[in-house]
Amino acid sequence: MKPLPRLLYPPAWSIAAKVSVALLSTALVPMSFNAYYNLRHSLEAAEGSEYRKLELLATSTASRLDQLIIDTQRVVIQVSSERNVVSFLAATKPEAKEAFRPAAQSVLKNVFGSNPDYDAVYLMDRKGRCLASTDPSFVGQTYSFREYFQQAIEGHSYISSILMGKTTGRAGLYLSNPVRSDSGEIVGVAVVKIKEKDIGKIVNALSRDSKSYAFLVDQQGVIISHLDKSLMYHSLAPLSPETQKRIAADKRYGFTQVESLDLPQLAAVMVGASEPSHSSYYSQLKGKRQIVGLAPLEVVPWVLGVNKSEALFSAPLNRLIWQNSRSLIVVGAIAALIALLLARSIANPIHSLTKAAQALKQGDFDHEAGGNCDFSQDLSKASYTQDDIGQLVRVFLQMAQEVKVREQKLKQQVIALHIEVDEAKKAHQVAEITGTDYFQQLQQKAQQLREQALGHLKGEGGMGRGGERKQEWGNK
């Protein structure tokens, strides 16, 4: 059989190959299934752990932002309820306002100094004009176009998105609350502005680990905090014309048009998210897939994402795969070595038995005198083992010895039989010769000649010349 077909035809394999494959299959097939099952569950657990880690990081950072906003909201409410602030905004006469201004300004100053995250604390009248502020540049400016004023003057406590400051050009988060007089009438609005960079410090604290970074999007899907400042105030997905118009009217981000990053997959899971989750998306900017853990804030409709490259995310999973594969390879190599050694221990005596049987067939096997033969030495070693192979070898050697003895006896019997056959053949040949008519006739003629000779001898016995004739007859 040709090498390749023989290799592909298991019944034609050597017994060593069959035993090796059988042992390896018995060892490796169940182990492979078990390793695959354990690896799959380990990968699922590791992947779930990585996702939970991202979600926990996002949730932790979102909680810090929530706490900052909640604390600031309490401060705004406290400012709006301060007696001096209420009196200042409720005064209708200029003289009265000027009388309450120092006290109101002192309240604003104290609040501003209580937290380094604050960019400004100021008060507006019912028309949106700033009357008092910790930043003098605010005083006299009108902010009636801002949504945080419009909501507060209608009686709602409001938290804005990150807005670009009209006066200072500094971005920040604006929290507003209506100021009510003793009669409950809204007489103005109190505002506290948080620095955008301080919000960015909280968001970007994760970015110290270069393997991941955090970013923040508002309810419109616009990035309002990111480590890469070039991505600030870009939307994840294209905004509708109505939203673009509203943003332009509010002068929210300092742009009349918000550009899109064209990440619809990310926008679909982040905008309006209500609970922590995770997702993956393809980043056009980085040209590779990214993994993101999401956590919505509680007090504002923002969502914080913790981003990580899928390659970095998959690194621990790949290490786990390699560790399992390495273990499988090592165990497989050990199993293969054991299988080969065991297969050889079985196959070598069988090969030796085959050669010995061929030698025995040719009458050239003498175990006691053939110690120099390789198969004879292998048989000698195998005959000392106590397993089935050793027993088979001992039975074969005993059988070979018996065959040898029987062969010698048979040879002697054949020699004896040849002698008997030769004698019988000679007797038969003699019988065939003496039994012919021709031989009988010759024998009769010889008998007649003997009789005639004797008759002459008797008739001439008294004659003188009898002795000479007798001598002459004898010569004849």
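The values are calculated or read from the model by the stated rules, or taken from the named source; none is laboratory data. It should be emphasised that the depicted structure is a prediction, and the values quoted were computed from it without experimental measurement. Cβ: placed from backbone, ideal geometry, glycine included. Neighbour counts: every protein chain shown.
Okay, here's what the table says:
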item	result
Residue tally, condition assigned to a helix (DSSP H, G or I), touching a strand residue (DSSP E or B) at 6+ places or on another chain (Cβ under 6 Å) and touching a residue at least 40 places away in the same chain (Cβ under 8 Å), over segment 131-158	2
Selected residue [in contact (Cβ under 8 Å) with a residue 12 or more places away in the chain and over 24 Å from the mean Cα position of the chain (by Cα)] from ALA35, ALA58, ALA46	ALA58
Single residue of segment 105-130 satisfying the filter (among the small types (Gly, Ala, Ser) and over 17 Å from GLU196 (Cβ atoms)) that is surrounded by the most Cβ atoms within 10 Å (Cβ to Cβ)	GLY128
Among the candidates GLY272, GLY254, GLY305, GLY332, residue that is more than 19 Å from the chain's Cα centre (by Cα), in contact (Cβ under 8 Å) with a residue 40 or more places away in the chain and over 30 Å from THR168 (Cβ atoms)	GLY272
Any hit, segment 163-183, residues being of a type in the set (Phe, Trp, Tyr), in a strand (DSSP E or B) and under 48 Å from the mean Cα position of the chain (by Cα)	no
Members of segment 279-301 that are surrounded by 20 or more Cβ atoms within 10 Å (Cβ to Cβ) and within 26 Å of the chain's Cα centre (by Cα)	TYR281, GLN290, ILE291, VAL292, GLY293
Tabulated pairs, segment 286-301, first over 17 Å from LYS53 (Cα atoms), second of a type outside the set (D, E, K, R) and in a loop (DSSP other than H, G, I, E, B), C-beta under 7 angstrom, 6+ apart or interchain	PRO301/GLN219
Qualifying residues in segment 262-274 (those that are out of contact with any strand residue (DSSP E or B) (no Cβ under 7 Å at 6 or more places or on another chain) and over 16 Å from GLN219 (Cβ atoms)) - the one surrounded by the fewest Cβ atoms within 10 Å (Cβ to Cβ)	PRO264
Segment 76-104, residues that are over 18 Å from PHE149 (Cα atoms), surrounded by 14 or more Cβ atoms within 10 Å (Cβ to Cβ) and among the aliphatic types (A, V, I, L, M)	ALA91, ALA103, ALA104
Selection count where residues are closer than 21 Å to VAL107 by Cβ and either under 60 Å from the mean Cα position of the chain (by Cα) or surrounded by fewer than 22 Cβ atoms within 10 Å (Cβ to Cβ) (or both), scope segment 131-152	12
Residue tally, condition among the acidic types (Asp, Glu), modelled with pLDDT under 70 and not in a loop (DSSP other than H, G, I, E, B), over segment 334-391	2
Matching residues, segment 302-331, being at pLDDT 80 or above and buried (at least 16 other Cβ atoms within 10 Å of the Cβ)	TRP302, VAL303, LEU304, GLY305, VAL306, ASN307, LYS308, SER309
Selection within segment 234-269 - of a type in the set (A, V, I, L, M, F, W, C) and part of a loop (DSSP other than H, G, I, E, B)	LEU236, ALA237, LEU239, PHE255, VAL258, LEU261, LEU263
Selection count where residues are within 24 Å of VAL299 (Cα to Cα) and either loosely packed, with under 14 Cβ neighbours inside 10 Å or touching a helix residue (DSSP H, G or I) at 6+ places or on another chain (Cβ under 6 Å) (or both), scope segment 238-261	1
Output for segment 270-289, where each listed residue is within 18 Å of HIS234 (Cα to Cα) and in a strand (DSSP E or B)	TYR281, TYR282, SER283
Any hit, segment 33-48, residues being surrounded by 19 or more Cβ atoms within 10 Å (Cβ to Cβ), in a helix (DSSP H, G or I) and either modelled with pLDDT of 75 or more or not hydrophobic (A, V, I, L, M, F, W, C) (or both)	no
Odd one out for GLN67 among (1) surrounded by 20 or more Cβ atoms within 10 Å (Cβ to Cβ); (2) within 60 Å of the chain's Cα centre (by Cα); (3) without any contact (Cβ under 8 Å) to a residue 24 or more places away in the chain	(1)
Residue within segment 89-103 that is part of a loop (DSSP other than H, G, I, E, B) and in contact (Cβ under 8 Å) with a residue 24 or more places away in the chain present	no
